[in-house]
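Structure first, then comments.
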Amino acid sequence: MNNTKNTDKYTFPEISVEDFDNMGNLEDHVFSEKYNQRKEKEIIAMMKKNRLFGNRFAKVAAAAFLVLATPAAVYAIANNQIANGFWGNDTKQNVASHTFTTVEEAKIKDDGTVSTTKSKMPKVEYVPADQKLVDKYIGDNLSFEPIVKKVAGTTITVNSAVKDKNSVIVGYTLEKKGGIDFLNYSQLDNETKGAWLNEDKATFSYNFLECAGKTFVDLKKSTGDKLYCYDYMQFNEDSFDAEHLTLNITEYTKPLAKVLSKDNSKDYIKNNTAVSIPLAAKTSMHTLSDGKDSSIDLSAISMKINLGKSSGIKDLGESEYMSEGIYRVEINYKDGSKYTVSERNIDSPDLGITHKCDSEIANYSYLCGGTRDENIIFNRIVDVDNIASVTVNDVTYTIK
């Protein structure tokens, strides 16, 4: 092998990263696992050195990129990977409205068969990650300090996180030689409740103590031995605007199914580890009001709708959820465009709400309704400065 380094760095035509990624009429090149691992290490090293999104390098030498990624190329790749992982449509696919059947194994009918439930999945649309908006609204608020922990033959690597006052998004990987069998995940899980632990296989559990939400698995990038995961979570009431997350990992002597069936699961704990995950400053929040007693707290990544009497939804008391009366959420931009976050059919005499739509929509990464509020994490970056108003049902909210 010729080990002579190529010092002629000006012999290749300049090409933008976007043009290079979109070059057509070329045979797809499959990089080796060794190359991909090396590239990933370079990305992490570069991000740790520069901390966050700094200067943007728009041009690289295409052929040189294939041989050895330059710092500029590494930086551009990292930029793109994070944005597309959290919000883009590079690895997330649009979902057409469809009906699916859920098997309830714990419920047995009189004829001895398991009970099933049919549900309708709303339409979901993803858009390309807008890097300019990521730079503008996220900027130095992205945490990128990889933290690695090993448990039961599995490596958990927390790579990045971003938060606002109410919500947090965390990107991490799960890696295990021989295949990951302790997590249930699929396209349908991504569309609905998210990935979840296989209690018959998993001998450990993990969670972030300050928040809860949904796990999305990147099915395009993941392999049998390594999963790329994104958790979209709402902070617990006692943890709003937390400065760090606590990754809690508990390893057991038996699979979770056996542990959970016992009265005292603590007897089966083999080891418990709490790891602090530092978070950068929160993304800026803005308050929108209907001019009465309802309001919205909104950032580029999420929104919290605070429902009052002016919302038009009846308050049935602490035990009932006013948020169940929300049937439409739309962000209206100054240029006339619109981001329909959600819309659904509802007929609730108790809440005083009736609405019909041609197509139900769920353009969000996570939604959690409360008694008098609803928290939504967007599936794209919102251009806050270009917002004219937000519509919830038929009520209009404007920035104060």
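The values are calculated or read from the model by the stated rules, or taken from the named source; none is laboratory data. Small disclaimer: the values here were computed from a predicted structure and weren't measured. Glycine gets a Cβ as well: all are built from the backbone with ideal geometry, and neighbour counts include every protein chain shown. Remember, those area values only see protein heavy atoms, side chains included, never the ligands or the DNA or RNA. Shrake-Rupley method; radii C 1.70, N 1.55, O 1.52, S 1.80 Å.
For this structure, a couple of remarks:
- Residue within segment 268-288 that is among the basic types (Lys, Arg) and free of Cβ contacts under 8 Å to residues at least 12 places away in the same chain present: no
- Residue that is surrounded by the most Cβ atoms within 10 Å (Cβ to Cβ), among those in segment 215-231 that are of a type outside the set (Ser, Thr, Tyr) and within 12 Å of the chain's Cα centre (by Cα): Phe216
- Any chance Tyr364 is under 30 Å from Asn89 (Cβ atoms), open to solvent by less than 10 Å² (accessible area, probe 1.4 Å) and without any contact (Cβ under 8 Å) to a residue 60 or more places away in the chain: no
- Screening segment 245-260 for residues that are within 17 Å of Leu197 (Cβ to Cβ), open to solvent by less than 50 Å² (accessible area, probe 1.4 Å) and not hydroxyl-bearing (Ser, Thr, Tyr) and picking the one that is farthest from the chain's Cα centre (by Cα) gives Val259.
- Flag if Val95 is modelled with pLDDT of 90 or more, open to solvent by less than 40 Å² (accessible area, probe 1.4 Å) and β-branched (Val, Ile, Thr): yes
- Residue in segment 334-357 that is acidic (Asp, Glu), surrounded by 12 or more Cβ atoms within 10 Å (Cβ to Cβ), closer than 30 Å to Lys150 by Cα and at pLDDT 95 or above present: no
- Answer from Ala161, Ala212, Ala202 - the residue that is closer than 18 Å to Ser302 by Cα and open to solvent by less than 30 Å² (accessible area, probe 1.4 Å): Ala161
- In the set (1) under 25 Å from Asn379 (Cα atoms); (2) assigned to a helix (DSSP H, G or I), the condition left unmet by Leu219 is number (2).
- Filtered residue count, segment 358-387, keeping only those that are among the basic types (Lys, Arg) and modelled with pLDDT under 95: 1
Condition check ((1) among the hydrophobic types (A, V, I, L, M, F, W, C); (2) without any contact (Cβ under 8 Å) to a residue 40 or more places away in the chain; (3) closer than 30 Å to Lys270 by Cβ) across all residues:
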residue	(1), (2), (3)
Asn94	no, yes, no
Thr99	no, yes, no
Pro128	no, no, no
Lys132	no, yes, no
Ala152	yes, no, yes
Ser167	no, no, no
Thr173	no, no, yes
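For (1) surrounded by 18 or more Cβ atoms within 10 Å (Cβ to Cβ); (2) among the charged types (D, E, K, R); (3) within 29 Å of the chain's Cα centre (by Cα), each residue gets a yes or a no:
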{"position": "Lys262", "(1), (2), (3)": "no, yes, no"}
{"position": "Ser265", "(1), (2), (3)": "no, no, no"}
{"position": "Ile269", "(1), (2), (3)": "no, no, no"}
{"position": "Leu279", "(1), (2), (3)": "yes, no, yes"}
{"position": "Leu288", "(1), (2), (3)": "yes, no, yes"}
{"position": "Ser295", "(1), (2), (3)": "yes, no, yes"}
{"position": "Met303", "(1), (2), (3)": "yes, no, yes"}
{"position": "Leu307", "(1), (2), (3)": "yes, no, yes"}
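- Failed item in (1) in contact (Cβ under 8 Å) with a residue 60 or more places away in the chain; (2) closer than 17 Å to Lys282 by Cβ; (3) more than 14 Å from the chain's Cα centre (by Cα); (4) open to solvent by 20 Å² or more (accessible area, probe 1.4 Å), with Ala242 passing the rest: (4)
- Total residues in segment 309-326, condition open to solvent by less than 20 Å² (accessible area, probe 1.4 Å) and more than 15 Å from Tyr397 (Cβ to Cβ): 3
- Of residues in segment 244-276 being assigned to a strand (DSSP E or B) and among the polar types (S, T, N, Q), the one farthest from Gly171 (Cα to Cα): Asn271
- Test result for Glu125, at pLDDT 95 or above, open to solvent by 40 Å² or more (accessible area, probe 1.4 Å) and under 15 Å from the mean Cα position of the chain (by Cα): yes
- Annotation: of all residues in segment 136-155 being within 24 Å of Ile180 (Cβ to Cβ) and of a type in the set (S, T, N, Q), the one that is farthest from the chain's Cα centre (by Cα) is Thr154.
- Evaluating Lys149 against the criteria (1) open to solvent by 50 Å² or more (accessible area, probe 1.4 Å); (2) in a loop (DSSP other than H, G, I, E, B); (3) modelled with pLDDT of 95 or more leaves one unmet condition, (2).
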